[in-house]
1. Between Rg and the Kirkwood Rh of segment 101-150, both from Cα atoms, what is the Rg to Rh ratio?
2. Kirkwood Rh over alpha-carbon pairs of segment 64-122, then Stokes-Einstein at 37 °C and 0.692 mPa s: what D in µm² s⁻¹, rounded to an integer?
3. In whole Å, what are the extents of segment 17-56 along the principal axes defined by its C-alpha atoms, from largest to smallest?
4. At 222 nm, what helix-only mean residue ellipticity would the chain give, in deg cm²/dmol to the nearest 500, using -39500 (n - 2.57) for each DSSP H run of four or more?
5. Which log10 I(q)/I(0) values does the chain give at q = 0.10 Å⁻¹ under the Debye formula, counting every alpha carbon as one identical point scatterer?
6. Just to be sure I understand the model, the point goes 7 Å from the Cα along the line to the Cβ. What's the resulting residue 174 to residue 19 distance in nm?
7. Sequence gap at least 6, Cα distance under 8 Å: using those rules, report the relative contact order of segment 79-181 to the nearest whole percent.
8. Kindly flag which residue pairs out of 36/69; 21/69; 55/131; 53/106; 2/65; 78/106 have an alpha-carbon separation exceeding 26 Å in this structure.
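Bear in mind these aren't lab numbers, they're just calculated from the coordinates by the rules spelled out. All values derive from a computational prediction rather than experimental measurement. Here the Cβ is made from the backbone with ideal geometry for all residues, glycine too, and neighbour counts use every protein chain on show.
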Amino acid sequence: MKKFEEKTIHTETIYDGNVVKLQVDDVVLPNGKEAKRELIKHPGAVAIIPITKDKKIVLVEQYRKPLGKSIIEIPAGKLEPGESPELTAVRELEEETGYTTKKLTKVTSFYTSPGFADELMLIYLTNELEKLDFPPALDEDEFVEILELTLEEAKQYVEEQRIHDAKTNYAILYLETQEIL
């Protein structure tokens with residue numbers, strides 16, 4: 001048995017959608033008592049830190065319904081069934097920014113909200129961007145504006161909470177501590 005493991009005795013699926021699956025698990029705790037756990041199952045996601053030749057970070061601004069506002073983020077997207085994380089990273093980069101790359105470096109991965117979700121986010125970096133002549137269309141429900149910021153500008157956006165999500169904050173901290181820009 002794993003340390004502090006909670007054994008699932010029953011699972012009820014509440015919703016099975018395109019992005020997430022919601023379920024409630026009845027579990028037995030390490031002390032023998034029972035409890036309920038509300039869980040979000042997610043296929044995982046990939047984000048990419050794109051750096052231009054003139055050392056600017058390519059970001060996208062988009063409206064996030066759960067927040068009720070627009071925020072500025074590094075390009076990211078959900079893993080599709082059978083798709084490698086690298087392919088997802090390039091696909092999202094192309095769709096959201098109009099850039100592509102042939103070189104990706106894996107930076108890290110982390111769980112976004114392990115208290116209730118199993119989403120694993122993988123982060124890649126590229127500093128070898130090429131502008132596409134004919135970028136692919138965004139998803140029909142996706143609307144973005146592309147920004148190219150210096151590291152100092154991005155840090156200011158963090159202060160102003162225009163950049164306010166974990167993956168993008170991580171990317172900026174990574175760029176600052178690794179002295180990539």
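1. 1.05
2. D = 248 µm²/s.
3. Principal extents (Cα only, largest first): 59, 27, 10 Å.
4. -6000 deg cm²/dmol
5. Scattering profile of the chain, log10 relative to I(0): -0.47.
6. 2.2
7. 22
8. The answer is 36/69; 2/65.
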